[in-house]
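The values are calculated or read from the model by the stated rules, or taken from the named source; none is laboratory data. Because the structure is a prediction, the values reported are computed rather than measured. Neighbour counts run over all protein chains shown; Cβ positions are idealised from the backbone, glycine included. What goes into the accessible areas is simple: the full protein's heavy atoms, side chains included, and nothing from ligands, DNA or RNA. Shrake-Rupley method; radii C 1.70, N 1.55, O 1.52, S 1.80 Å.
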Amino acid sequence: SDPGARPRQIARWIRHAGVPTVIFIAHGEGSYTQSRLTQMHAVCDHVVCVSDHVRQRLTIQTPCTVIPNGVDTRTCVATKPSRETRSQLGFDDDDFVVGFVGRFSDEKNPGAVIDSLQHLPPNMKALMVGYGDEDLLQLRADQIGVADRVRWIDGQHFRPIGEAYAAMDALVMPSREEGFGLVALEAMFAGVPVIATRRGVAADWIEQGQNGWLIDDDGTSETVAIEISKRITHLQQRPKRKLRMISKARKTADEMGHASTMMRKYEALLQSCVAAHASFYP
């Protein structure tokens with residue numbers, strides 16, 4: 001899925017070794033993945049894209065199959081009441097908690113969640129679960145006067161992640177680049193409404209206003225922050241619609257997002273690749 005910093009060298013090794021079947025798994029939509037795929041395509045028999053969004057964004061010169069990532073739903077289960085977790089994190093019963101889960105990095109755009117609080121009333125708060133440039137985000141929160149409304153969780157060591165989802169009223173995935181976006185699928189399984197940019201699984205599976213919300217990204221955090229605040233306000237003011245959205249999202253996730261579904265698709269692809277080189281395999 002990632003040949004590393006020297007994909008041409010890996011391609012030469014594959015050709016020299018006579019490897020009969022090479023499958024490249026494209027997890028991303030950006031230049032990083034495109035560059036490696038371009039340098040490896042001459043030795044690749046097949047490309048797997050983890051979302052149709054990735055397939056559309058990349059230039060693929062070999063046969064391609066879309067196999068979405070899947071979730072082991074046990075990771076999405078909370079082991080204690082959400083009210084208890086929220087209380088431990090310092091949230092009140094009437095707070096509306098906006099969640100983010102992922103790397104604190106530019107392509108994930110977590111700052112848009114912090115910025116959205118400027119456009120929301122004081123009882124709208126944020127739960128940031130992740131790792132990376134936390135200091136910069138905390139500085140931003142302090143600069144715009146919302147630091148006391150933000151709680152932080154180290155996403156590398158916090159388990160089970162289902163506890164964090166249970167504390168949220170909505171999950172925001174404001175990514176600038178996203179191959180799949182597993183957190184969106186996890187949230188759908190966990191019963192948390194998803195608000196996301198048109199990337200990865202969100203672009204593939206979210207039906208606008210039905211099982212989640214899609215927001216437009218013009219490249220600026222401020223625009224995304226305003227869009228997030230609008231959707232958050234909508235969810236907070238329409239609890240019945242929020243419940244309908246949760247129900248439809250769970251149905252979508254259950255139909256297409258299980259790890260076992262992903263595994264069956266990979267098994268079928270691998271069997272077909274082996275059959276195509278039956279003389280090589282014992």
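Numbers below:
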read-out: Spatial extent of the stretch 197-256: Rg and Dmax, with the Cα atoms as the point set, Å; value: 12.3, 35
read-out: Efficiency of FRET from Cβ geometry, E107 and L269, R₀ 25 Å, rounded to 0.05; value: 0.35
read-out: Rounded, prolate or oblate (a/c below 1.5 giving rounded, otherwise prolate when a/b exceeds b/c) for the stretch 1-48 by Cα gyration tensor; value: oblate
read-out: Expected-Rg normalisation [2.2 N^0.38 Å, Cα atoms] applied to the chain; value: 1.09
read-out: Percent accessible area from carbon and sulfur atoms, the chain, protein chains only, probe 1.4 Å; value: 50 percent
read-out: The stretch 74-217 shape via C-alpha gyration tensor axes, a/c threshold 1.5; value: rounded
read-out: Cβ-placed point charges (K, R +1; D, E -1), dipole of the chain about Cα centre in debye, nearest 20; value: 760 debye
read-out: Accessible surface ranking that places the most exposed of D217, D135 first, with a 1.4 angstrom probe; value: D135, D217
read-out: Calculated on alpha-carbon atoms, Rg and Dmax of the stretch 167-282 in Å; value: 17.9, 64
read-out: Gain on full stretching of the segment that runs from E222 to T79 - 0.36 nm per residue minus C-alpha separation; value: 47.9 nm
read-out: Percentage relative contact order, the chain, counting C-alpha pairs under 8 Å, at least six apart; value: 19 percent
read-out: Contact order relative to length of the stretch 184-238, as percent, for alpha carbon pairs under 8 angstrom and 6 or more apart; value: 26 percent
read-out: Other-chain or far-sequence residues with amide H under 5 Å of G99's (modelled H); value: L127, D169, A170, L171, V172
read-out: Between the stretch 164-218 and the stretch 46-64, the Cα center-to-center distance that results, in Å; value: 21 Å
read-out: Accessible surface of T21 - all protein chains present, 1.4 Å probe, nearest 10 Å²; value: 30 Å²
read-out: Kirkwood-based Rg to Rh ratio, the stretch 1-113, C-alpha trace; value: 1.16
read-out: Dipole of the stretch 202-257, positive end: most advanced residue of W205, L243, I232 [Cβ charges, Cα centre]; value: L243
read-out: Expected 222 nm ellipticity per residue - DSSP helices of 4 or more, -39500 (n - 2.57), all of the chain, to 500; value: -13000 deg cm²/dmol
read-out: Lys, Arg +1 and Asp, Glu -1 on Cβ, resulting dipole of the stretch 193-265 about Cα centre, debye, nearest 20; value: 540 debye
read-out: Relative contact order %, the stretch 126-282, counting alpha carbon pairs below 8 Å whose residues are six or more apart; value: 17 percent
read-out: Point-charge dipole on Cβ atoms (K/R +1, D/E -1) for the stretch 19-159, about Cα centre, debye to 20; value: 380 debye
read-out: Residue-normalised accessible area of the stretch 135-209, given per residue in Å² at a 1.4 Å probe; value: 37 Å²
read-out: By accessible area with a 1.4 Å probe, ligands and nucleic acids excluded, highest first: order of H234, H41, H16; value: H16, H41, H234
read-out: Neighbour-limited loop hits for GluC sites (Glu not before Pro), the stretch 189-282 (at most 14 other Cβ within 10 Å; DSSP other than H, G, I, E, B); value: E207
read-out: Positive-end residue of I114, G257, V77, charge dipole of the chain with Cβ unit charges; value: G257
